[in-house]
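Visitor: I'd like to ask some things about the structure below.
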Amino acid sequence: PAPMGLPALALLLAVGLLRTQAFAPARSFQLDYEENCFRKDGVPFRYISGSIHYARVPRPAWRDRLLKMYMSGLSAVQVYVPWNYHEPLPGVYDFVGNRDVEAFLDLTAELGLLVILRPGPYICAEWEMGGLPAWLLWKPDIILRSSDPAYLAAVDSWLHVLLPKIKPRLYQHGGNIISVQVENEYGSYYACDYHYLRHLLGSFRALLGSEVLLFTTDGTRAEELRCGTLQGLYATIDFGPGSNVTEAFGAQRRVEPKGPLVNSEYYTGWLDYWGEAHASTSSARVARGLEDMLQLGASVNMQVLSWKGAQYMFHGGTNFAYWSGADFKDQYKPVTTSYDYDAPLSEAGDPTKKLFAIRTVISKFQTLPVGPMPPATPKYAYGRVALRKVGACPEGCAAPAWRCLAAPLPSLSLQYADLLDVLDVLCPSGPIQSQFPLTFEAIKQAHGFVVYRTQLPRDVLDPATLGAPPHSICDRSYVMLQQEYQGTLERDGQTVLRVTGRAGDTLDVLLENMGRISFGANISDFKGLLGNLSLDSSPLSNWLIYPLAIDAAIQQGWPHAALPKSSSRGRAGPAFYTGTFETPSTAWDTFVNFPGWSKGQLWINGFNLGRYWPRRGPQQTLFVPGSVLHVGCPNNITVLELEGAPPAPSLLFLDRPLFNRTLSGSTEGTE
C-alpha cells in the first residue's frame, strides 16, 4: 500500500481523538432514587467526610490538616464559606492570604479530597453572626434569612461574586466539589419562609448550572424538616453519637422516601461556652455511632455500604480575632476562642485517640491510604515570661527592635497605657456626639470595642445606682469614673453598679462585642448600649461615642513605637501591656497561659489571637501558631487587659492547652 502522508495521518489521529472524547464517560455526581445511592461517574458511591473550617486555620497549616484528614481515610471534606469573612463592608471583598478560599479548594483537589461545599449565605458554625455580615444590620428593621428585599439584594450581590469562583471547581467541570448546600439548618429558624428558599434555589441554579447536586441539612424533628426542606433540594439530616441511628434516618425517609441516607453533621464532639465546663465526647462512643451508620445494609456487601454518607467535625481550629459567635438558649452564651471541639484533630492539628478510633472503623469498610499518619506538629514550652519595668530607650534606638534589659530567653519587657489615655490613637477620627447612646451598627462598627463617654449631671455624695435597662448591655461593659475602674455590667448578668462622684465627673463605659448570635431564635444581634444608662433612674444624656480601631493601630506599629508609661505592676481597668520576646532558632506552635490575668485580647506581631478569659474559663490558654512568630528578631506582644492585670504580670508559654484549669490530653494520640 502507498505510504500515508503526514497530513492524512494527522487527520486520522484527530478523528480518532474526537471519537475517543465523544465516547469518554462524562464526569457526574448524581442521586439514584432507584438504588438509594449516590452515583459518581455512573458507579454507586459513598463518601465519608470531615469538616474543616479554613477560616479557623492559618494558611501555612492548611496542607498539614488536609493531609492528616486524607490519611485518616476520609474521601471528602466539608467546607463552610463565611460571607462576613470575605465581604467586611458592602462591595468590599477580601480573598487573599488566609481568606483565599480558591487556594484552599485547589489544595483539597491536589491532595485527592472531594469537597462538599456549604456557602450559606447563613452557615451557623458558631461563627460571628452565623457568617452573615454585621453591616446588614445597618438597616435596623431588616429581616435576616427571609425574602426581605433588602436582605435578598445583599445575598444576590454576594452570590454573584462567590459562586462564579465555585463553578469551575464543580465535579462536572473537572473539579472536586461534588455537592453544594443551600442555606443551613433553616428549619431551626423562626421565619420558615419558603419564598426565601425558592429564591436561593433559583440563584444557585442560575449561577452553578442544572447538574450540580444541591442539598439542605436539618435536625430530625418534624418541624425542622418541614421548614428547612424544599422540592429541588435533596434533604439530609444531622445528629450525634447519642442518637438512635435507625430512628434518625427514619426522619430523613419521611421527607426523602428514596435516595441515599446522609448525616451531614455527625457530632464527634461539642463546642465550649465561656463559663461552662470543657465539652468532650468519648472516642468509643463516636466510633460506635460511625460504625452503626456504615453498617446499615452491611448484610449485602461493601457496595451497599457505599450508599451511605457520613460527615463529622474533624478539625475545629481557633476563633481568632473577633470571629467567635454565640448561641442563644434562654440566655446569651458566647463561644470560646478555642474551637477544639474535642475533634479527632485537636485545635493545634494533632491526631488524637479519637482520630485513630475513627480510622480503625473506616478501615473495616474501605482501604486506607498507604503510609503513616503525619505526626503532631512540634510544640515549644517557652516557659514563664516575666513582665519587668523598662526605662526609656537610648537615642537613635528603634523601640520595637531594642530590649533595654538583656536577659536569657525568654524575656519580655513591660510598658502600659490606660486605654482612656490613648483614645486619640485608637479613634483618630474623633468621637461621635449623640444625645443618647448609639449601637455599634448605627456607627458602623462591626467588631471589638466602643467607648461611651458622658458626665455626671449632679453631685453624687451618697452611693447612687448606675443601671441599664434589661438586655441593653451587649455584651459586656467596663465602667470608669474619673478614669478609676468601677466594675462591669454584663448581658444577662450584673446590670447595676453603685457609684459616687461630683457634677461634671467623666463617666466612661467601654463596651465589648463578645460575638453576635450565630444560632437561636433571632440572629439580629445588635451590639453596644441598646438603651440609655441611668443614675438613680434618671437617664444620662449628651454622649461622646468613640469607635475604637485597635487592630488598625497595632498593625501600623502601635504601641511598640511609644507608650506613655512604664511599670513593673499591673493596674485595674482597661489598659495595654506590651513588650518583646525572642524564640529559639525555629518558631514552633505554643500555647500562652495568663496566670492571674482576668479578661482581654492578645496580639503577637500584629496578629489578633483572640479573647482570653481565664477568670471565667474553661479555656485557660490561647493557641499561638508557629507561623505567627518571628525567628531572629523580637516578637511584639500586645495585651489589652480589660479588668485588671496581676500585681506581677507574666505570661506562661506551654506545649499543650489548658482547659478547666487542668492540662488537656486532647493533643495526645498514638495508634
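The values are calculated or read from the model by the stated rules, or taken from the named source; none is laboratory data. Everything numeric here is computed off the predicted structure, so don't read it as measured data. Here Cβ is always computed from backbone atoms with ideal geometry, including for glycine, and neighbour counts include all displayed protein chains. Just so you know, the surface numbers come from the protein's heavy atoms only, side chains and all, with ligands and any DNA or RNA stripped out. Shrake-Rupley method; radii C 1.70, N 1.55, O 1.52, S 1.80 Å.
Visitor: Those residues that are surrounded by 13 or more Cβ atoms within 10 Å (Cβ to Cβ), over 17 Å from the mean Cα position of the chain (by Cα) and not charged (D, E, K, R), I need them from region 90-106; list them, please.
Guide: Across region 90-106, the qualifying residues are TYR93, ALA103, LEU105.
Visitor: Still on this model: For region 253-262, does any single residue satisfy the condition of being surrounded by fewer than 20 Cβ atoms within 10 Å (Cβ to Cβ), within 21 Å of GLU183 (Cα to Cα), of a type outside the set (D, E, K, R) and assigned by the TED database to the domain that holds VAL182?
Guide: The answer is yes; a qualifying residue exists.
Visitor: Name the single residue that is farthest from ILE554 (Cα to Cα) among those in region 568-596 being at pLDDT below 95 and assigned to a strand (DSSP E or B).
Guide: That would be ALA572.
Visitor: Restricting to region 312-347, what's the tally of residues that are over 27 Å from PRO88 (Cβ atoms) and either surrounded by fewer than 24 Cβ atoms within 10 Å (Cβ to Cβ) or without any contact (Cβ under 8 Å) to a residue 12 or more places away in the chain (or both)?
Guide: 3
Visitor: Say whether the condition of being aliphatic (A, V, I, L, M) and in contact (Cβ under 8 Å) with a residue 40 or more places away in the chain is met by at least one residue in region 201-208.
Guide: yes
Visitor: Tell me which residues, restricted to region 597-649, are modelled with pLDDT of 95 or more and hydroxyl-bearing (Ser, Thr, Tyr).
Guide: Listed by number, the residues that qualify are SER598, TYR612, THR621, SER627.
Visitor: Residue by residue through region 183-217, note down the ones that are in contact with a Lys or Arg (Cβ under 9 Å, 6 or more places away or on another chain) and closer than 22 Å to PRO257 by Cβ.
Guide: Of everything in region 183-217, those that are in contact with a Lys or Arg (Cβ under 9 Å, 6 or more places away or on another chain) and closer than 22 Å to PRO257 by Cβ turn out to be TYR186, GLY187, LEU214, THR217.
Visitor: For ILE554, all conditions in the list (1) touching a residue at least 60 places away in the same chain (Cβ under 8 Å); (2) among the aliphatic types (A, V, I, L, M); (3) assigned to a strand (DSSP E or B) hold save one; what is the number of the exception?
Guide: (3)
Visitor: Looking for something touching a Ser or Thr at 6+ places or on another chain (Cβ under 7 Å) and closer than 23 Å to LYS444 by Cβ - is there at least one such residue anywhere in region 147-166?
Guide: So far as region 147-166 goes, yes, one or more of its residues are touching a Ser or Thr at 6+ places or on another chain (Cβ under 7 Å) and closer than 23 Å to LYS444 by Cβ.
Visitor: Is it true that some residue in region 530-540 is under 25 Å from ASN319 (Cβ atoms) and either hydrophobic (A, V, I, L, M, F, W, C) or open to solvent by 30 Å² or more (accessible area, probe 1.4 Å) (or both)?
Guide: Yes, region 530-540 contains a residue that is under 25 Å from ASN319 (Cβ atoms) and either hydrophobic (A, V, I, L, M, F, W, C) or open to solvent by 30 Å² or more (accessible area, probe 1.4 Å) (or both).
Visitor: A further question follows. Just for region 348-377: of the residues that are small (Gly, Ala, Ser) and either touching a Ser or Thr at 6+ places or on another chain (Cβ under 8 Å) or crowded, with 17+ Cβ neighbours inside 10 Å (or both), which one is farthest from PHE623 (Cα to Cα)?
Guide: Ranking the qualifying residues of region 348-377, first place goes to ALA357.
Visitor: Answer with yes or no whether GLY596 is touching a residue at least 40 places away in the same chain (Cβ under 8 Å) and closer than 12 Å to GLU641 by Cα.
Guide: When the stated conditions are applied, GLY596 passes them.
Visitor: Run down ARG476, ARG458, ARG498 and say which single residue is buried (at least 18 other Cβ atoms within 10 Å of the Cβ) and either in contact with a helix residue (DSSP H, G or I) (Cβ under 7 Å, 6 or more places away or on another chain) or modelled with pLDDT of 95 or more (or both).
Guide: The unique qualifying residue is ARG476.
Visitor: Sort out which residues of region 550-564 are modelled with pLDDT under 90 and either aliphatic (A, V, I, L, M) or touching a Cys at 6+ places or on another chain (Cβ under 7 Å) (or both), and write them in order of number.
Guide: ALA561, ALA562, LEU563
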